[in-house]
1. Quick check on my filter: what residues within region 75-102 are β-branched (V, I, T) and over 17 Å from P29 (Cβ atoms)?
2. Could you please let me know if L39 is among the hydrophobic types (A, V, I, L, M, F, W, C) and at pLDDT 70 or above?
3. Return yes when T61 is hydroxyl-bearing (S, T, Y), surrounded by 11 or more Cβ atoms within 10 Å (Cβ to Cβ), at pLDDT 95 or above and not in a strand (DSSP E or B) and no when it is not.
4. Filter region 73-91 for residues that are among the polar types (S, T, N, Q) and under 10 Å from the mean Cα position of the chain (by Cα) and give the result.
5. Test A17 against the criterion of being at pLDDT 75 or above, in a helix (DSSP H, G or I) and of a type in the set (G, A, S), and give yes or no.
6. Exactly one condition in (1) in a strand (DSSP E or B); (2) over 11 Å from L34 (Cα atoms) is false for V74; which is it?
7. From (1) outside any helix (DSSP H, G or I); (2) modelled with pLDDT of 95 or more, pick out the condition that doesn't hold for P101.
8. Only residues in region 74-103 that are under 15 Å from K51 (Cα atoms) count as the first member; pair them with residues that are assigned to a loop (DSSP other than H, G, I, E, B) and among the hydroxyl-bearing types (S, T, Y), Cβ under 7 angstrom, at least 6 apart or cross-chain, and list the lot.
Amino acid sequence: MPMVRRRLLVSLVALLAVVGAFADAAAAPERVTLKVEGLTQTGCSSPASVKGTIMRTEGVTQAEVSRERGEAIVEFDPAKVDLRQLMAKVERYCLVKVTRPPTP
């Protein structure tokens, strides 16, 4: 009987290790650069307003917005954030055009 318990315990530990590995992989944040057209120095289309709108989205962990480069760099949890919905939200509230450049 002790041998059966030991095998069961070893199997359980192995299963927990596999589940933990999948959980870590799923929690890995994604980083994307978005093109943002129409940024202004002040107002609802300013980099600060765009960043605030992005950061208020659940699942976003970091955002940088540059008027000079016309881009936003966003780090987010893809399990919690639909990128297309985030882009539409920024366009709607900040009155800018957001696109995702093609990946090389």
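The values are calculated or read from the model by the stated rules, or taken from the named source; none is laboratory data. This structure is a prediction, so every number in the text was calculated from the model and none was measured. With ideal geometry, Cβ positions are generated from the backbone for all residues, glycine too; neighbour counts draw on all protein chains shown.
1. Filtering region 75-102 for residues β-branched (V, I, T) gives 81, 90, 96, 98-99.
Residues satisfying the conditions are V90, V96, V98, T99.
2. On the way: among the hydrophobic types (A, V, I, L, M, F, W, C): yes; at pLDDT 70 or above: yes.
So L39 fits the description; yes.
3. Working: hydroxyl-bearing (S, T, Y): yes; surrounded by 11 or more Cβ atoms within 10 Å (Cβ to Cβ): yes; at pLDDT 95 or above: yes; not in a strand (DSSP E or B): no.
Taking the combined requirement at face value, the residue does not satisfy it.
4. Kept after step one, since they are among the polar types (S, T, N, Q), are these residues of region 73-91: 85.
Within region 73-91, no residue meets the criteria.
5. On the way: at pLDDT 75 or above: no; in a helix (DSSP H, G or I): yes; of a type in the set (G, A, S): yes.
No; evaluated as a whole, the condition is false for this residue.
6. With respect to (1) in a strand (DSSP E or B); (2) over 11 Å from L34 (Cα atoms), V74 is out only on (2).
7. (2)
8. L86/T57; K89/T57; C94/S45; L95/S45; V96/S45
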